[in-house]
Amino acid sequence: MNLRGFSLIGFVLMICTGAQAQMAANETRTSDSSALYQFSSPDKRTVIPFELAPNGILFQLQIAGSTERLWFSLDTGSGANYLDSAVAKRLGLRASGNGTVHGAGAGSVPVDFIDSVTFELPGLTSSQHRVHTTDLSGLQWNHRIDGFLGYDFINRYVITIDYEAGKMTVAEAAGYSYAGAGEIFPIEFRGKWPYIEGTIAVPGVKPETGEFLVDSGSGDAVDDPTIAQTTGPVRKVKTGVGLGQAGEGVLGRALYLQLGSFRLNGPIAACCSDNPDDQRKIGTEVLRRFTVILDYVRKRMILEPNGNFKQSFPDA
């Protein structure tokens, strides 16, 4: 079942004051990137199996110092890494500061910061990460979710998500070279959030071209305000389901979504999150029709259509 309007966190903004703001600005940096990670393979890449859930991909990892295996998601719609506060307490992790964020829903959500966290994934140890902790119990839909990896993790590597095979490849960015036949999309970053250009057409409305947030933590196909103006049928739904308070919106079928040379006919479109920065995006129901390569270092995303590309979109 596709969870319309659902996002693990959506477009997130952090609000800090005083010493906390300084702490946020001074996140660990180093010119020697090899000090931040270690691959077990000499080719500096690893392949990690994942489960495809309605709200994204889910895989297992551990946090250094604990033997507990945790379920995490890769969320391009999150500007930070997140861990459920109950899990953090159970693991004995201590906060170094606190603040608030705005998630997919309305209102602010309190978070604590934990610095110098090391993630242990199959074939990869990735260290010196900052993690935000908050109550993620409201995100436990069809699968347990202990946390998710956002910009802070994704920005270090080139990550290939093979939705059809259920495998995620994480590779060192420095030596990466793409030689496939996919289409390259320049990424426009707004802070830590990736946008690519696309065009959406809905019945009765002139096609609109704009920048769409790429949100691998959202179960939607596409979110766009134009669906609220459609002459086609719509139904009311809860939107902005995730961190924050859910709102009221509508759901309908678009004529098409155009991404570069790829036209996806009849995607279900939702409108609108109460977060003004989370109005236009593409989610898992679109992304799973491709092999998606995230190359933040080179500010690009590469799409290769897979066997699901021509699949009809499910009913609203």
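Of the strands (runs of 3 or more DSSP E) lying entirely inside the range 40-86, those containing at least 1 residues that are closer than 29 Å to residue 110 by Cβ and at pLDDT 95 or above span 56-63, 70-74, 81-84. Flag: residue 221 does not match the condition of being hydrophobic (A, V, I, L, M, F, W, C) and closer than 30 Å to residue 41 by Cβ. Residue 95 meets the conditions (1) open to solvent by 10 Å² or more (accessible area, probe 1.4 Å); (2) of a type outside the set (Ser, Thr, Tyr); (3) in a strand (DSSP E or B); (4) farther than 18 Å from residue 69 by Cβ in every case but one. The failed one is (3). When residue 123 is tested against the conditions (1) modelled with pLDDT of 95 or more; (2) on the phi < 0 side of the Ramachandran plot, the lone failure is (2). Screening residue 66 against (1) in contact with a strand residue (DSSP E or B) (Cβ under 8 Å, 6 or more places away or on another chain); (2) more than 25 Å from residue 189 (Cβ to Cβ); (3) small (Gly, Ala, Ser) leaves a single unmet condition, (1). Can residue 100 be described as open to solvent by less than 10 Å² (accessible area, probe 1.4 Å), out of contact with any His (no Cβ under 7 Å at 6 or more places or on another chain), within 30 Å of residue 249 (Cα to Cα) and not charged (D, E, K, R)? No: the conditions fail for residue 100. Of all residue pairs spaced 6 or more apart or on separate chains, those with beta-carbon atoms under 7 Å, a first member in the range 50-68 that is in contact (Cβ under 8 Å) with a residue 12 or more places away in the chain and within 14 Å of residue 284 (Cα to Cα) and a second member that is among the charged types (D, E, K, R) and open to solvent by less than 10 Å² (accessible area, probe 1.4 Å) are 56/75. Return yes when residue 233 is surrounded by fewer than 24 Cβ atoms within 10 Å (Cβ to Cβ) and modelled with pLDDT of 95 or more and no when it is not. It is false that residue 233 is surrounded by fewer than 24 Cβ atoms within 10 Å (Cβ to Cβ) and modelled with pLDDT of 95 or more.
The values are calculated or read from the model by the stated rules, or taken from the named source; none is laboratory data. As the structure is a prediction and not an experimental result, all values here were calculated from the model. Cβ atoms come from the backbone with ideal geometry, glycine included; neighbour counts cover every protein chain shown. To get the accessible areas, we keep the full protein, side chains included, count just its heavy atoms, and leave off ligands, DNA and RNA. Shrake-Rupley method; radii C 1.70, N 1.55, O 1.52, S 1.80 Å.
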